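S.K.: Please find one structure pasted underneath; my questions will follow.
The values are calculated or read from the model by the stated rules, or taken from the named source; none is laboratory data. Owing to the predicted nature of the structure, the values given are computational and were not obtained by experimental measurement. All Cβ positions, even for glycine, are placed from backbone atoms using ideal geometry, and neighbour counts span all protein chains on display.
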Amino acid sequence: MRETDNDDPGKAEWRARLTAERTAIPAQQQVTEAKALTEAVAGLAAGTVCCYVPFGPEPGSIALLDVLRDRGTRVLLPIVPPRREPLDWAEYTDTSALVQGRYRGVLEPSGPRLGAAGVGEADLVLLPALAVDHQGVRLGRGAGYYDRSLRFASPSADLIAVIRDTEFVERLPAEPHDVRMTAVLTPGRGVLRLPYPGRM
C-alpha cells in the first residue's frame with residue numbers, strides 16, 4: 001500500500017525508519033510477540049471485534065483471530081476497496097475462507113460483505129499501525145484507509161492499535177484528520193489506555 005500523494009514529510013520519515021526496523025526483526029521474535037499478543041487479547045471483552053490479518057512483519061497472527069472467534073466473539077476483517085474509499089468488512093470464520101486480496105500477500109475474508117458501515121457493529125477495533133504516540137496519534141502505512149473508515153465506528157467503540165513496545169513513542173506528527181486511539185496493545189505491556197479525551 002503506497003503512501004498518500006500529499007504525505008506529510010515528517011510522517012514519511014517516520015514510516016521509512018519504522019518499516020526498515022520491522023524488516024530487520026528476527027522471525028523468532030515475531031513468533032514470541034505474536035504469542036504474547038494472543039494471550040493479551042484473550043482478556044478483552046467484546047461481542048464484535050474488527051481486526052486484521054497481519055501482513056509481513058506486522059505484529060499479530062491468525063491465532064489471535066482464532067482465540068477471539070473460539071470464545072464466541074464475532075470477528076470482522078477488512079477488505080481493501082479498488083479506490084481510496086473506506087474499508088469494506090466481512091466476518092472471519094476460519095482460515096479456509098481467507099483469500100488473496102487486492103495487494104499481494106494480504107489475506108481477506110471471502111464471506112458476505114457488510115460495507116463500510118460494518119465497522120460500526122464493533123465494540124472493539126484492533127487495527128494495525130507502525131507507531132502510536134502518547135496522545136493517541138496513530139501512524140499507518142499512509143494510504144488512509146483506516147482514517148476514512150473509522151468515522152463509521154461506534155462512538156463508544158474502543159480503538160486499539162497493535163504495535164511493538166518500541167513503536168509506542170512520545171510524539172508523532174499529527175494532522176487534523178487523524179483519528180486518535182483509545183489504547184495500544186503491545187507484546188510486553190499488554191493493553192495501555194491513552195488519556196486522549198476524544199477521537200479527533
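S.K.: Based on this model, can you work out whether A16 counts as over 17 Å from the mean Cα position of the chain (by Cα), aliphatic (A, V, I, L, M) and farther than 26 Å from G120 by Cβ?
M.R.: yes
S.K.: Another question about this same structure. Evaluate the following for T38: is it in contact with a Gly (Cβ under 8 Å, 6 or more places away or on another chain) and either in a strand (DSSP E or B) or β-branched (V, I, T) (or both)?
M.R.: no
S.K.: P82 is checked against (1) closer than 18 Å to D158 by Cα; (2) modelled with pLDDT under 95 and fails just one. What number does that condition carry?
M.R.: Failed condition: (1).
S.K.: So if I check each of G56, G60, which one is of a type outside the set (D, E) and either surrounded by 15 or more Cβ atoms within 10 Å (Cβ to Cβ) or part of a helix (DSSP H, G or I) (or both)?
M.R.: So the residue among G56, G60 that is of a type outside the set (D, E) and either surrounded by 15 or more Cβ atoms within 10 Å (Cβ to Cβ) or part of a helix (DSSP H, G or I) (or both) is G60.
S.K.: Would you mention how many residues in region 26-48 are touching a Lys or Arg at 6+ places or on another chain (Cβ under 7 Å) and surrounded by 19 or more Cβ atoms within 10 Å (Cβ to Cβ)?
M.R.: Qualifying residue count, region 26-48: 2.
S.K.: Continuing with this model, one more query. Write out, first by first residue and then by second, each pair whose Cβ atoms fall under 7 Å of each other, whose residues are 6+ apart or on separate chains, and whose first residue, in region 36-55, is within 21 Å of Y146 (Cβ to Cβ) while the second is modelled with pLDDT under 95 and among the aliphatic types (A, V, I, L, M).
M.R.: F55/V106
S.K.: A further question follows. Considering every residue within region 99-109, establish whether at least one is outside any strand (DSSP E or B), within 19 Å of V49 (Cβ to Cβ) and at pLDDT 95 or above.
M.R.: Checked region 99-109: no residue is outside any strand (DSSP E or B), within 19 Å of V49 (Cβ to Cβ) and at pLDDT 95 or above.
S.K.: Name the single residue, out of those in region 28-49 being over 17 Å from the mean Cα position of the chain (by Cα) and at pLDDT below 95, that is farthest from A153 (Cα to Cα).
M.R.: Taking the candidates together, the pick is G43.
S.K.: Looking at region 80-97, which of its residues are surrounded by 19 or more Cβ atoms within 10 Å (Cβ to Cβ) and either free of Cβ contacts under 8 Å to residues at least 40 places away in the same chain or in contact with a Pro (Cβ under 8 Å, 6 or more places away or on another chain) (or both)?
M.R.: Selection gives L87, D88, W89, A90, Y92.
S.K.: Is it true that some residue in region 19-32 is hydrophobic (A, V, I, L, M, F, W, C) and either touching a helix residue (DSSP H, G or I) at 6+ places or on another chain (Cβ under 7 Å) or under 20 Å from L150 (Cα atoms) (or both)?
M.R.: Taking every residue of region 19-32 in turn, none turns out to be hydrophobic (A, V, I, L, M, F, W, C) and either touching a helix residue (DSSP H, G or I) at 6+ places or on another chain (Cβ under 7 Å) or under 20 Å from L150 (Cα atoms) (or both).
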